[in-house]
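Each remark here refers to the structure printed beneath this line.
The values are calculated or read from the model by the stated rules, or taken from the named source; none is laboratory data. Note that this is a predicted model, so its numbers are computed, not measured. Here Cβ is always computed from backbone atoms with ideal geometry, including for glycine, and neighbour counts include all displayed protein chains.
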Amino acid sequence: MTTAESIPDVLQRVRATFTTGKTRPIEWRLHQLGELARMMREHEADFAEALQADLHKGSFETALSELGFVASEAKYASKHLHRWARPKRVTTPMMALPGSSYIQPEPKGVVLIIAPWNYPLSMVCAPLVGAIAAGNCAVMKPSEVTTNTSAAIARILPRYLDKDAFAVVEGGVPETTELLENQFDHILYTGNERVARIVMTAAAKHLTPCTLELGGKSPCLVDKSANLEVAASRIAWGKFINAGQTCVAPDHVLVHKAVATQFTELLAAKIKEFYGEDPGQSPDYCRIASERHAARFARLLEGQRIHTGGQVDVAKRYVAPTIVLDPAPDSELMQEEIFGPVLPIITVDEMHHAIKFVADRPKPLALYLFTKSKALEAAVLDKLSAGSVCINDAVIFMVSPELPFGGIGNSGMGRYTGWYGFETFSHMKPVMKRGFRFDAPMRYPPYNDFKRRFMELVR
Ligand code: NAD
């Protein structure tokens, strides 16, 4: 395990590598991306074992949201990298003619990726894809909460990626604090709002740009026109995958009163269908990351109207898939991001009440709407802001490398995945090139009215 004392040496090594220009050639980047994908293939079993120990994550979820997510990001970046990295020609205004202008992407330098525990492998490696593609060196800090996955990354990743360009620093608050004392060229932090403020304060000292991938309470609106059966399946999947510990999981449902009872029954039936009579026995149902996090759910559920589930076993880090009916808006459950398998269902008289409910709160990371009404869809898109919007499904938008992923307001700033990861870790360097042949005297002093009129004409 890296100690805080060894961090300066690690950073010096990685910085020195970047300075040599080793990471710039496209072929080198493609090789590293290929190696990252190969690592996911060849160590599927090791990572699956670590994720099973940390989160009781089953092989399907591991393949989909951890290994598969990273591998497809790497594949997509490899496919498009030549095009992304090419200078892009733009027009040159008349005043600067003859001449040419273009934007030449260049790597930012050494970037820091700080990851959380909920998707402990992909939250390290998916941003890394963008960093590699853009030609950077990177230092990665996996979460200390998921110790097995953190150790697996630290052990396996250096066998595949260039050790001089990429480093994994294991550890918790002291190590992250030490890392943040240092100069980076970009920081991508994924985690909670409180620590995001610490990261940004530290980054301000060095004027380091930050991408903050945070969370929040992602609402899910269910209209009476929706296909309730399909909505219940998709919401149950999006909510209970990874036992609700997904940044874009539906946090709560706002459902029209005309279908509230029917929808709740369907949702409860889906939970039984997916995870059986006792979800504790299901190989597909995850555990909470730590006893501390599990104990929080016992507290959140106190005094609530529980429709389904509600069982909490702190020692086993088990919280059953739970439906809570109409919690008070000022209850703790409705004040903080739930980030676990508890789904409050709030009944609304009209959908515009649901829109107001969402509009009155901080902008969420994801917003879900289930409806067949074009008018409601337009109203939601027009009136509400969110990191991402998904209509008639939950969480699934994450599979698209064409859509940027990131929050707005309290749910974060900046974005990545696909081209957007490349863009985040690149400086888009504008270049204007002129020749010496024609040097119009119109812009030079002494100025006069004729020159001024000419300048206004050609601008
Ligand atoms: P966490 O506790 O693992 O912390 C995240 C990282 O911050 C860790 O690497 C940790 O070492 C570091 N850290 C913790 N305390 C620190 C401190 N005092 N100083 C410096 N560094 C510190 O994970 P978490 O924050 O509990 O993660 C859950 C949150 O992450 C949720 O809010 C969730 O919505 C959000 N999240 C967002 C995304 C996204 O892409 N937007 C993805 C996953 C999770």
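When restricted to residues that are among the small types (Gly, Ala, Ser) and at pLDDT below 95, segment 33-67 contains 4. Hey, could you check segment 86-118 for residues that are touching a helix residue (DSSP H, G or I) at 6+ places or on another chain (Cβ under 6 Å) and in a helix (DSSP H, G or I) and say which is surrounded by the most Cβ atoms within 10 Å (Cβ to Cβ)? Result: MET95. Inspect segment 32-39 for any residue being farther than 17 Å from PHE425 by Cβ and basic (Lys, Arg) and give the result as yes or no. Yes - at least one qualifying residue is present in segment 32-39. Return a yes/no flag: does segment 159-169 have any residue that is crowded, with 20+ Cβ neighbours inside 10 Å, assigned to a helix (DSSP H, G or I) and at pLDDT 95 or above. The answer is no, given that none of the residues of segment 159-169 is crowded, with 20+ Cβ neighbours inside 10 Å, assigned to a helix (DSSP H, G or I) and at pLDDT 95 or above. Considered as a group, the residues in segment 397-411 that are away from the ligand (no atom under 11 Å from the Cβ) and not in a loop (DSSP other than H, G, I, E, B) include one that is modelled with the lowest pLDDT, and that residue is VAL399. What about LYS217, is it within 14 Å of the ligand (Cβ to nearest atom) and part of a loop (DSSP other than H, G, I, E, B)? So LYS217 fits the description; yes. In segment 161-183, the qualifying residues are those that are within 23 Å of the chain's Cα centre (by Cα) and within 18 Å of VAL129 (Cβ to Cβ), and the one that is farthest from the ligand (Cβ to nearest atom) is LEU161.
Within segment 151-160, count every residue that is under 28 Å from LYS205 (Cβ atoms) and either of a type in the set (Val, Ile, Thr) or near the ligand (Cβ under 9 Å from one of its atoms) (or both). Here the count works out to 1. Entry remark, segment 275-310: residues being assigned to a loop (DSSP other than H, G, I, E, B), out of contact with any strand residue (DSSP E or B) (no Cβ under 9 Å at 6 or more places or on another chain) and more than 28 Å from LEU64 (Cβ to Cβ) number 2 in total.
Within segment 89-110, the set of residues being of a type outside the set (Val, Ile, Thr) and more than 34 Å from the chain's Cα centre (by Cα) comprises PRO93, MET94, MET95, ALA96, LEU97, PRO98, GLY99, SER100.
State whether one or more residues within segment 136-150 are more than 16 Å from the ligand (Cβ to nearest atom) and either surrounded by fewer than 24 Cβ atoms within 10 Å (Cβ to Cβ) or assigned to a strand (DSSP E or B) (or both). The answer is yes, given that some residue of segment 136-150 is more than 16 Å from the ligand (Cβ to nearest atom) and either surrounded by fewer than 24 Cβ atoms within 10 Å (Cβ to Cβ) or assigned to a strand (DSSP E or B) (or both). Which condition number does ARG197 fail, the rest of (1) under 28 Å from ALA379 (Cα atoms); (2) within 11 Å of the ligand (Cβ to nearest atom); (3) out of contact with any Leu (no Cβ under 9 Å at 6 or more places or on another chain) being met? Among (1) under 28 Å from ALA379 (Cα atoms); (2) within 11 Å of the ligand (Cβ to nearest atom); (3) out of contact with any Leu (no Cβ under 9 Å at 6 or more places or on another chain), the lone unmet condition for ARG197 is (1). Would you confirm whether or not segment 234-246 contains a residue that is in contact (Cβ under 8 Å) with a residue 60 or more places away in the chain, within 15 Å of the ligand (Cβ to nearest atom) and in the same structural domain as PHE60 (by TED's automatic domain parsing)? The answer is no; no qualifying residue exists. Checking each residue in segment 360-396 for being more than 24 Å from LYS75 (Cβ to Cβ), touching a residue at least 12 places away in the same chain (Cβ under 8 Å) and outside any loop (DSSP other than H, G, I, E, B) picks out ALA366, LEU367, TYR368, LEU369, PHE370, LEU376, GLU377, ALA379, VAL380, LYS383, VAL389, ILE391.
Filtering segment 239-271 to residues that are surrounded by 15 or more Cβ atoms within 10 Å (Cβ to Cβ) and basic (Lys, Arg) leaves LYS239, LYS270. Answer with yes or no whether LEU343 is touching a residue at least 40 places away in the same chain (Cβ under 8 Å) and under 26 Å from PHE405 (Cβ atoms). In short, yes.
Looking at segment 8-17, can you tell me whether even one residue there is in a helix (DSSP H, G or I), in the same structural domain as VAL111 (by TED's automatic domain parsing), in contact with a Ser or Thr (Cβ under 9 Å, 6 or more places away or on another chain) and surrounded by 14 or more Cβ atoms within 10 Å (Cβ to Cβ)? Within segment 8-17, one or more residues are in a helix (DSSP H, G or I), in the same structural domain as VAL111 (by TED's automatic domain parsing), in contact with a Ser or Thr (Cβ under 9 Å, 6 or more places away or on another chain) and surrounded by 14 or more Cβ atoms within 10 Å (Cβ to Cβ). Checked against (1) under 28 Å from ARG287 (Cβ atoms); (2) assigned to a helix (DSSP H, G or I), VAL324 passes all but a single condition, namely (2). Only one of the numbered conditions (1) within 14 Å of the ligand (Cβ to nearest atom); (2) under 19 Å from LEU221 (Cα atoms); (3) not hydrophobic (A, V, I, L, M, F, W, C) is not met by LYS383, and that is (1).
Only residues that are within 29 Å of the chain's Cα centre (by Cα), more than 12 Å from CYS220 (Cβ to Cβ) and either modelled with pLDDT under 95 or surrounded by 15 or more Cβ atoms within 10 Å (Cβ to Cβ) (or both): list them for segment 363-380, please. Result: LYS363, LEU365, LEU376, GLU377, ALA379.
Could you check, for segment 412-425, whether at least one of its residues is assigned to a loop (DSSP other than H, G, I, E, B), among the aliphatic types (A, V, I, L, M) and within 13 Å of the ligand (Cβ to nearest atom)? No: zero hits.
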